[in-house]
Amino acid sequence: MKKMVLVVLALLMAFSVLYAGGKKEVKAEDEPITLRIAWWGSQKRHDATLAVLDLYTKKTGVQFEAEPLPFDGYFAKLNTLAAANDVWDIIQLGSNFPTYLDVLEPLDSYVERGLIDVSGTSAGTMSTTRLNGNGALYGISLGTNTYGIAYDPALFAAAGVAEPAENWTWADYEKAAMTIHEKLGIFGSSKLDDFISGASIRVPQHDENASLFAPEGNKLGYDDDYPIEDYWAIRKRLVDAGAYPDPGRINEIKDIEGDFLVRGEAAMTFLASNQFVALCSAAGRPLKMATLPRESADGPIGATMQSSQQFSMFNGSKYKDEVAKFLSFFVNDIEANRILNAERGNPIMAPVLNDLEKSADDVKKELYSFMAVMTKLSSIALNFDVPKQEEIKDLYWRIEDQVVFGKYTPAEGAKQFRKEAEAIFAK
């Protein structure tokens, strides 16, 4: 009887340990671990990431159930899984991570316990994946990223146009685009992401204390319509002159390979810095990177350094410690990052970046040089939750098209944008 009582007590103690305070963390030594992971991107990213997962499995025994997806399909699937509270253990996100806080695990405690090593990066870089820049850590950045202008130096030379200076202006950009079109009969510029260059960046170029959205995320963050009005005036003049594609021609561009710069039909284009390598590969000829133009040569650049993507942890994962260890490996391991080769952006860990710079080809050297300039000139992006952002973005593009087609003057369009944006926030 005594032996039976002892057995029962032992079982009760085991169950109390298992269920006290919720679900017990499962560790790699307890049972075989399989982590669910998903990301979006090109085939190049898929192949490199799968190779790194295989490397991690060889090193640790941890298995993966991987789901590489196209961008649109990724977020459609994520939204479905988030609604069911059954998300992948490891989630790739961008600056939209505040939208998914309900399913994300804060990572500060894993850093404090040493499971995630961030000793190779800076507090500023870490702030790109913190809510509002100084709140809880909701991801580990997979690379720093910013925006710029890629251009063909041979086309600039053929048109007799000087290459962009570090402090060139929107007036310089317009003059260069017009001259290239007049001399070579091609577009001076392929498409720019106007919501970024003409609003998110253009507003703080005019006033360093202003921003497109207020930090509260529930209203606009600027009072002066001039920067958007001026940008749309430039856009209309370029389209009217044939130096920039009209909205119909822009819709022809479906991917990097279809960009007018790649096809030799434009001398420059807008891009995120981590797209530069793919752009050069598609073009098959030497290209360079320039900063985005400014309102004035001695004025603020308005651009930010941000996280290109991040890996985050599902707060319902059974394997949280194992997820944390993998996140640390992904950004710190030299062998893994030689495979990844900065495809998601400049590595955030200094030892990794230093290693990659040693073996960089000419394209990567151009990119690293550009990123060094932007690190000096730009600020760190703060990620605010702006629930109406996509609706505001669609509004911006719609009114810009109406300005280009002459329904509104640039001044009227800028006022109309403000009016309708404020109405959206007021809903």
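The values are calculated or read from the model by the stated rules, or taken from the named source; none is laboratory data. Owing to the predicted nature of the structure, the values given are computational and were not obtained by experimental measurement. Using ideal geometry, Cβ is built from the backbone for each residue, glycine included, and neighbour counts are taken over all protein chains shown. Just so you know, the surface numbers come from the protein's heavy atoms only, side chains and all, with ligands and any DNA or RNA stripped out. Shrake-Rupley method; radii C 1.70, N 1.55, O 1.52, S 1.80 Å.
Summing charges over neighbours of residue 243, with a neighbour being any other residue whose Cβ is under 13 Å away from its Cβ, gives +2 when K and R count +1 and D and E count -1.
If the chain between residue 420 and residue 237 were fully stretched, how many nm would it gain, using 0.36 nm times the residue separation less the Cα-Cα distance?
Values: separation 183, 0.36 × 183 = 65.88 nm, distance 2.45 nm.
So the extension gain works out to 63.4 nm.
The calculated pair-distance distribution of the chain uses every alpha carbon pair, bins of 10 angstrom beginning at 0, and gives 4, 19, 28, 24, 14, 6, 2, 1, 1, 0, 0 percent.
Seen from residue 47, the other residues with C-beta closer than 15 Å to its C-beta sum to a net charge of +1, counting Lys and Arg as +1 and Asp and Glu as -1.
Since only 120, 305, 270 are under comparison, the one whose Cα sits farthest along the positive direction of the charge dipole of the chain, derived from C-beta charges on Lys, Arg, Asp and Glu, is 120. Listed values for the range 245-251 are Karplus-derived 3J(HN,Hα) couplings in whole Hz (6.51 cos²θ - 1.76 cosθ + 1.60, θ = phi - 60°), namely x, 6, x, x, 5, 4, 5, and x replaces Gly and Pro. Per the Debye formula on identical point scatterers at the alpha carbon atoms of the range 132-189, with no solvent, log10 I(q)/I(0) at q = 0.26, 0.28 Å⁻¹ is -1.12, -1.24. Rounded, prolate or oblate: which fits the range 276-427, taking a ≥ b ≥ c as square roots of the Cα gyration tensor eigenvalues, rounded meaning a/c under 1.5, else prolate when a/b beats b/c? Oblate is the answer for the range 276-427, as a/c is 1.5 or above yet b/c matches or exceeds a/b. Rolling a 1.4 Å probe across all protein chains gives residue 104 an accessible area of roughly 10 Å².
Per the 1.4 Å probe, what fraction of the accessible area of the chain, in percent, lies on carbon and sulfur atoms? Write down the numbers at each step before the final one.
Details: 10370 of 19470 Å².
Using a 1.4 Å probe with all protein chains present, the chain comes out at 53 percent carbon and sulfur.
Each listed q (0.14, 0.20, 0.21, 0.23 Å⁻¹) maps to a log10 I(q)/I(0) for the range 122-247 from the Debye sum over equal C-alpha point scatterers, namely -0.77, -1.15, -1.20, -1.32. Probing with 1.4 Å while keeping every protein chain in the model, the per residue accessible area of the chain equals 46 Å². Rounded, prolate or oblate: pick one for the range 103-145, where a ≥ b ≥ c are the square roots of the eigenvalues of its C-alpha gyration tensor, a/c under 1.5 means rounded, and failing that, prolate if a/b is larger than b/c, else oblate. Oblate, since a/c reaches 1.5 and b/c is not below a/b.
In plain terms, the chain from residue 263 to residue 44 could stretch by 76.7 nm, reckoned as 0.36 nm per residue minus the Cα-Cα distance.
Out of the trypsin sites (Lys or Arg not before Pro) in the range 311-417, which ones are loop residues according to DSSP with at most 13 other C-beta atoms within 10 Å?
Details: sites: 318, 320, 325, 338, 344, 358, 364, 365, 376, 388, 393, 398, 407, 415; in loops: 318, 344, 388, 407.
Listed in order of number, the matching sites are 407.
Both radii come from the Cα set of the range 192-252: Rg as radius of gyration, Rh as Kirkwood radius; their ratio Rg/Rh reads 1.06.
Once all protein chains are placed together, residue 168 keeps about 10 Å² accessible to a 1.4 angstrom probe.
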